[in-house]
Every structure is written in structure tokens, then in C-alpha cells.
1. For A:L70, which sequence-distant residues (separation of 5 or more, or a different chain) have an amide H within less than 5 Å of its own amide H, given hydrogens modelled in the peptide plane?
2. Output the 0 to 90 degree angle, nearest 10, between the alpha-carbon long axis of helix A:18-34 and the longest principal axis computed from the alpha carbons of chain A.
3. State the dimensionless ratio Rg/Rh of the range B:74-151 (Rg: radius of gyration of Cα atoms; Rh: Kirkwood radius).
4. Taking a ≥ b ≥ c as the square roots of the Cα gyration tensor eigenvalues, with a/c under 1.5 meaning rounded and otherwise prolate when a/b beats b/c, else oblate, which class fits the range B:60-112?
5. What's the ranking of B:96-102, B:221-227 by average number of surrounding C-beta atoms within 10 Å, highest first?
6. Sort chain A into rounded, prolate or oblate with this rule: let a ≥ b ≥ c be the square roots of the eigenvalues of the Cα gyration tensor; rounded if a/c is under 1.5, and if a/c is not under 1.5, prolate when a/b is larger than b/c, oblate otherwise.
7. When only alpha-carbon atoms count, how far does the range B:4-158 stretch along each of its three principal axes, as whole angstroms with the largest first?
8. List the trypsin sites (Lys or Arg not before Pro) within the range B:18-95 that fall in a DSSP loop (any state other than H, G, I, E or B) and whose Cβ has at most 15 other Cβ atoms within 10 Å.
Amino acid sequence: MIVRIMGEGQLEVDDTQLAEFSPLDDALAAAVESGDDDRFRSALVALLDAVRSAGSPVADDALVDSDLVLPYAEAHIDEVRAMLSGEGLIPG
Amino acid sequence: MGILQRMSMIFRSKADRALDRAEDPRETLDYSYNKQRELLVKVRRGVADVATSRKRIEVQMSQLSGQSGKLQEQAQKALSLGREDLAREALTRRSGLESQVTDLQTQHAALQGEEEKLTLAAQRLQAKVEAFRTKKETIKASYTAAEAQTRIGEAFSGISEEMSDVGMAVQRAEDKTASMQARAGAIDELLASGALDDVTGTARDDITVELDRLASTNDVELELARMKQELTPGPTEAPRQIEGQAPAADTVAEPQVAPRQEEGQS
């Protein structure tokens, strides 16, 4: 399973470790819904830490798309909301 | 998976849309390759811009620190001349500068982090662009338009995602440098306006002027006292005080006085 942390690159994560991320991902989704940036940030940082410690970096010259994508650590909740709603934050 | 999966789908749909636009998918390869090279140039320029901003902040930090040190010296000098008001003024200005320096240190750390991230992003992109070029040539040489479709999709979506991500990272870095340049400009103006004194040392600030005046007055007084002493026979304690020995000397002075009086008696 390939996970991208935006701004940092891609990591290869063993599929068996996905279960660990699930509750953290749910917490992040709930935090995005709540609109509380502090809550969002702590949920994001927790998920980023879990992914970073579980993953190993993908080779620079590998051309693979990611199964999962995580926002960058400093992302504001509004930016992430805009990305999720497809409001053109991701340039083509 | 909630957010993680939704985010990856957004990136992927972006790549799919770009592929759909082309009549012959093989044309997409060349088009994308040119875009990749453009982005690579942009990322490298981004790294250079961030570095320039970081260096500017470094210069300002050293200027402000120099000013701060100078004010500290002025405060000490003012205090030794008994001008607590002047010392207070110098220290007040110094604390203003110190908070600016702290602020700049935070910005500097942020820019340094940004620079490192972008440098790594440029390396990653460079490696991927190179890999894409190889793949592109193989695909163009070996497959018809119809056959190429799936193979192109594989190569294309991986690099497309990287390009989106790096493109956004460069944008963020540019936004950050722009806001920092505005703040750095404000500090430059502050330094130039003389409010923080001229670091070149050509202009003299009001505290220096006052200290110089005090020092020259003090020199005159000392000279006068010395002259009086020469005219008056026999040493007295009075001129020693005028010479302005350190306050700490008071405690030491007493035991010193006693043996000297004994010497005088013998």
C-alpha cells in the first residue's frame, strides 16, 4: 500500500498496518466535520506520525500513484476542506 | 478509509481528466514531459527564492543583534555615569529589538524547513521526470495508440500525482516567501528610518549623543579635579571619589583607609 504525505513524498506501508490508521483516520474525518482547527491539527499530526513510523520511503524514481493521500502537517482545516470538496486547490 | 482515500481519489481523478483530453494518448506523454520539465524549473526557482529570503533574514538578524548589543553597552555606560533614565531608555529600545529578533528567528526556522522540503521535492521530481522520459520513449517505440493506453495510464498517474503535490508545495513556499518579504521590507524601512539607528555607524543616535556629552563633561570634571589636586598639597580622599571608582570599592575602601592612616601616623 502506497501512502503519500503531501509535500513529503510517498511511503510504502504494509497492508496489515492499515487497521492502525483506521481509527486515526476516522478521528481526522470527525475533526474536519467539526470545523475545529486545533482538534483537526492534533488528529492530523497523530495520523502523520503513525504513517511515518509505519512506512518506508518509496524510491525517488518510482512512478506509482498512491492508494492513500495525507495532507501536509501545516495544512489548515479550511484548505483540507477545500481540497476535499474539489474546489480547485490541486493544480492540474 | 475516510479522509485518506478521498484525498487520493481527488488526485487520481485529476490525472484521469488530463489523460482523457488527448486524442492520441502518446501525445499526452510528450505534453506531460514538457510540463514536468517546466515544473522542475519552477521548483528550483522556488528553492532559490526561499534561500534568498532566508539569507535576507539572516542579515537582518545580525543587524538587529548588533544594534541590541550596542544598546546594552550604552545602557551600561549610562548607568556608570549615573544616568539611569538614559540606561532605561536604551534597555527599553533593546527589548523592542530583541522581540524582533525572536520573531525573525521563528521565520528563519520556518524558511529553513521550507527550503529543505523543497530541495528534497526537487530531487524526487527530477528522478521521476527522468524515469518518465525513459518510459515514454519505450512506450512510443513499442506500442500503437490503442496498446499504449494502459501503459501510459500507469506511468502517467504516478507522475501526475507528484506534479500536483510538488506544484502545491511550490505555491505554498511562494506564498510564505512573499509574506516574509513584506515583513522583511518593513524591518528594512525601520532600520533605514533611523528609528533603530543606522548600523553603518555613520549616523549618531540620540543616546550616543547624550552619552558623548556626558563623557566629555565627565572628562572636564576629572581634569579639573586632577588640577585641583596638584595645587593642593597632600593627598585627600576627595579626588579618589571624583575619579568614580566602582561602587563595590566602597566596602574595600575602608580597610584600605585604615593602614594608610597608620602609615601617615608613623
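Values quoted throughout were computed directly from the atomic coordinates according to the rules given, and no laboratory measurement underlies them. What you are looking at is a predicted structure, and each value in this text was computed from that prediction instead of being measured. Note: ideal-geometry Cβ built from the backbone for every residue, glycine included; neighbour counts use all protein chains shown.
1. For A:L70, the qualifying residues are A:R4, A:I5, A:M6.
2. Once rounded, one gets 20 degrees.
3. Ratio of gyration radius to Kirkwood radius: 1.67.
4. Judged from the Cα gyration tensor, the range B:60-112 comes out prolate (a/c at least 1.5, a/b above b/c).
5. B:96-102, B:221-227
6. Numbers: a/c = 2.10, a/b = 1.28, b/c = 1.63.
Oblate.
7. Taking max minus min along each principal axis of the Cα atoms, the range B:4-158 gives 91, 30, 19 Å.
8. B:R21
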